[in-house]
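Q: Before anything else, here's the structure in question.
Derivation of every value follows stated rules applied to the coordinates shown; laboratory data play no part. The structure presented is a predicted model; accordingly, all values stated were derived computationally and were not measured. Cβ: placed from backbone, ideal geometry, glycine included. Neighbour counts: every protein chain shown.
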């Protein structure tokens, strides 16, 4: 049974590890290629996009894919919609491996906004030291608020993605721990944090660190994903879904 995993997340890596070495399944991990040095996977991997929905349909048919597991980032809305459309066209089963979003708890000072543009506006007019943990592809809107000092953490170099006079770039890859997150925020005298509501445990320590320090966090809501798609929250649940698909009850 040939499976295509649309990856790029911790859950995708865990799912790939669960399938490695199995003789009854033939998984292929697909990465978009936005990270120049992705972690190696224990299963065959391809890097790059499909060009369009038609391109994905052609790939699924050419490779005789029986099932697709969409384990892309919660903010990769376009890829998820393309996968849903492509699978629906040719009758390929689709599972969305979606981690639950974070939920504010006692002590959190969240400002929830629907987009990056609203996140910029939520910073206000007074100059602040802003910790941006949103990835390099979402930085451009903050170029409109040049009065702030931005501490930007990303896996890849940010280049000229943020055109502002006061930018401090930090390259790092999750997972993080609360103690080091607190130390970073104190060292850089952070006033406010901006993050996507990505969910998961790998980057959640910034939320607990902000809570401990009493810092406000501007949280950008997730984009709308396709509705009517079967879902799983963990790699283990996704494996059980595949096994039911592969060995249907008599």
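Q: Stokes-Einstein diffusion coefficient for segment 1-142 at 10 °C in a medium of 1.306 mPa s, Rh from the Kirkwood formula over Cα pairs: what value in µm²/s?
A: Diffusion coefficient, whole number: 92 µm²/s.
Q: Now for a separate question. I'd like the projected area of segment 1-85, averaged over all directions, using the convex hull of its alpha carbons. Report it in nm² with one decimal.
A: 5.2 nm²
Q: Next question, about the same structure. Mind pulling the per residue volume of the convex hull built on the Cα atoms of segment 59-189? Å³ is fine.
A: 159 Å³
Q: If neighbour count is taken as other Cβ atoms inside 10 Å, put 196, 225, 63 in order from fewest to most.
A: Final ranking by Cβ density, sparse to dense: 63, 225, 196.
Q: Now for a separate question. So for 87, 18, fewest C-beta neighbours within 10 Å to most, what's the order?
A: Final ranking by Cβ density, sparse to dense: 18, 87.
Q: Could you order peptides 133-142, 66-75, 96-105 by the average number of other Cβ atoms within 10 Å of their residues, highest first?
A: 66-75, 133-142, 96-105
Q: Taking a spot 7 Å from the Cα of residue 34 along the direction of its beta carbon, which residues of segment 63-78 have an amide N less than 20 Å from it?
A: Hits in segment 63-78 for residue 34 at 20 Å: 69-78.
Q: Sticking with this structure for a sec: Can you compute the modelled spin-label distance between residue 54 and residue 237, with each label point 7 Å from Cα toward Cβ, in nm?
A: Result for the modelled spin labels: 3.7 nm.
Q: Give me P(r) over segment 148-195, computed from all C-alpha to C-alpha distances, binned every 10 Å, as integer percentages.
A: Distribution as computed: 22, 58, 20, 0 percent.
Q: Find the eigenvalues of the gyration tensor of the Cα atoms of segment 125-238, then list the square roots of 5 times those eigenvalues as equivalent ellipsoid semi-axes, largest first, in whole angstrom.
A: 26, 18, 13
Q: At 222 nm, what helix-only mean residue ellipticity would the chain give, in deg cm²/dmol to the nearest 500, using -39500 (n - 2.57) for each DSSP H run of four or more?
A: Taking each H run of at least 4 residues, the total per residue is -8500 deg cm²/dmol.
Q: A further question on this structure: Using the Cα atoms of segment 37-90, I'd like the radius of gyration and the largest Cα-Cα distance, Dmax, both in angstrom.
A: In Å, with Rg to one decimal and Dmax whole: 11.8, 33.
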